[in-house]
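Worksheet for the structure shown next.
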Amino acid sequence: MTPATPRRERGLVRPYVVTDGRSHPTRNTFDLVTLVMAHTDRPLAGLSPEKRRMMELCLGGALSVAEIAGHLALPVSVVKVLLGDLVDSGHLATRAPIPSAQLPEAQILQEVLDGLRARL
Amino acid sequence: MDSAPACDSVRDSGVYLPRTVRTAAKILVVGHFGVGKTTFVGSLSEIRPLRTEETMTQAGAHLDDLAGTAGKTTTTVAMDFGRITINEGLVLYLFGAPGQQRFTRLWLDMTRGALGAVVLADTRRLEQSFDVMGLLEEHDLPYAVAVNHFDDAPSYPEEEIREALDLLPATPLVTCDARDRRSAGRALITLVDHLLHTRTTHREPV
């Protein structure tokens with residue numbers, strides 16, 4: 001009957017099944033480095049297995065969208081759709097990376113430079 | 001003070017970002033197949049590098065050397081990335097990604113908000129770096145070139161490499177060993193120094 005629960009295997013469930021056939025998230029605000037944080041007080045009951053896995057991962061601490069995709073072995077496009085739902089339902093909150101238009105980029109660059117020099 | 005909640009998906013406590021991090025920046029590590037992008041990212045990352053894969057649909061265009069078969073319409077693109085915590089509030093992500101024209105959507109996603117790029121090159125296959133340099137220029141993303149020195153690759157004077165790659169005089173060119181953390185780090189620092197210099201000298205605030 002049901003095989004042992006697969007964890008990391010790819011391709012067992014096709015991505016469009018996971019997302020109910022959607023290829024675009026409900027909001028278009030996720031970048032690869034958007035930071036994602038979980039609200040700890042939301043019930044996980046009723047979530048799909050993938051969303052539950054995502055919540056279990058995110059409850060441990062903040063991660064970027066790309067890291068969530070990497071840890072869950074799901075394509076970034078699928079992760080964005082699931083994230084959109086979980087933000088809509090109040091399970092997750094995001095912190096957008098600095099919008100490029102108002103990026104105090106020189107300051108960021110200086111911090112990156114100082115940080116790299118100190119570490120390497 | 002952390003109470004470190006147990007999470008069975010990821011047991012390594014170093015996986016998560018420090019609670020104080022507020023800002024994430026990204027830098028791309030690009031180059032042709034086999035040039036050492038994954039190695040470079042792995043040398044610098046504080047976490048075990050992660051990989052994501054996207055299925056790309058593509059009509060026509062020429063395919064990877066490895067793929068070999070023409071007429072294929074979907075292909076899987078892997079992107080390896082790593083992380084460096086810069087300070088308590090800022091984290092830097094390094095994304096290693098393929099430099100083929102046909103992954104336009106992936107490129108848009110990657111380049112949006114990126115600070116700049118390290119172009120890894122191999123002296124045995126310099127001409128294969130043109131595609132990716134062209135893409136960066138199209139996306140208006142500043143870059144530095146780092147020649148990843150392979151043991152069996154010939155060394156050329158910097159001038160010859162510059163000429164072969166048709167680099168602008170201002171574009172930094174360094175040699176590195178992608179396997180070595182310090183060496184890869186120097187290449188990254190060269191890029192950031194260049195970005196900072198370019199920004200403060202040439203761009204005016206809007």
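Just a few scattered comments:
- Number of the condition not met by residue B:36 [criteria: (1) at pLDDT 90 or above; (2) at negative phi]: (2)
- Being surrounded by fewer than 22 Cβ atoms within 10 Å (Cβ to Cβ) and either at pLDDT below 95 or not charged (D, E, K, R) (or both) is a property that holds for residue B:135.
- Answer residue from the stretch A:90-108, given it is modelled with pLDDT of 95 or more and surrounded by 15 or more Cβ atoms within 10 Å (Cβ to Cβ) and is nearest to residue B:22 (Cα to Cα) among those: A:92
- Filter result for the condition that a residue is within 8 Å of chain B (Cβ to nearest Cβ) and not β-branched (Val, Ile, Thr), over A:119, A:22, A:52: A:119
- Each residue in the stretch B:33-48 was checked for being surrounded by fewer than 22 Cβ atoms within 10 Å (Cβ to Cβ) and of a type in the set (D, E, K, R), and 2 pass.
Let's see how each residue does on (1) within 30 Å of residue B:176 (Cα to Cα); (2) modelled with pLDDT of 95 or more; (3) surrounded by 13 or more Cβ atoms within 10 Å (Cβ to Cβ); (4) not polar (S, T, N, Q):
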residue: B:10; (1), (2), (3), (4): no, no, yes, yes
residue: B:14; (1), (2), (3), (4): yes, no, no, yes
residue: B:19; (1), (2), (3), (4): no, no, no, yes
residue: B:23; (1), (2), (3), (4): yes, no, yes, no
residue: B:28; (1), (2), (3), (4): yes, yes, yes, yes
residue: B:31; (1), (2), (3), (4): yes, no, yes, yes
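- Unmet criterion (only one of (1) more than 20 Å from residue B:105 (Cα to Cα); (2) crowded, with 22+ Cβ neighbours inside 10 Å) for residue A:87: (2)
- Count of the stretch B:138-157 residues, restricted to those that are surrounded by 13 or more Cβ atoms within 10 Å (Cβ to Cβ) and not hydrophobic (A, V, I, L, M, F, W, C), is 6.
The values are calculated or read from the model by the stated rules, or taken from the named source; none is laboratory data. The model shown is predicted, which means the values in this text are computed figures rather than measured ones. When we count neighbours, we look across all protein chains shown, and the Cβ atoms used for this are built from the backbone with ideal geometry, even at glycine.
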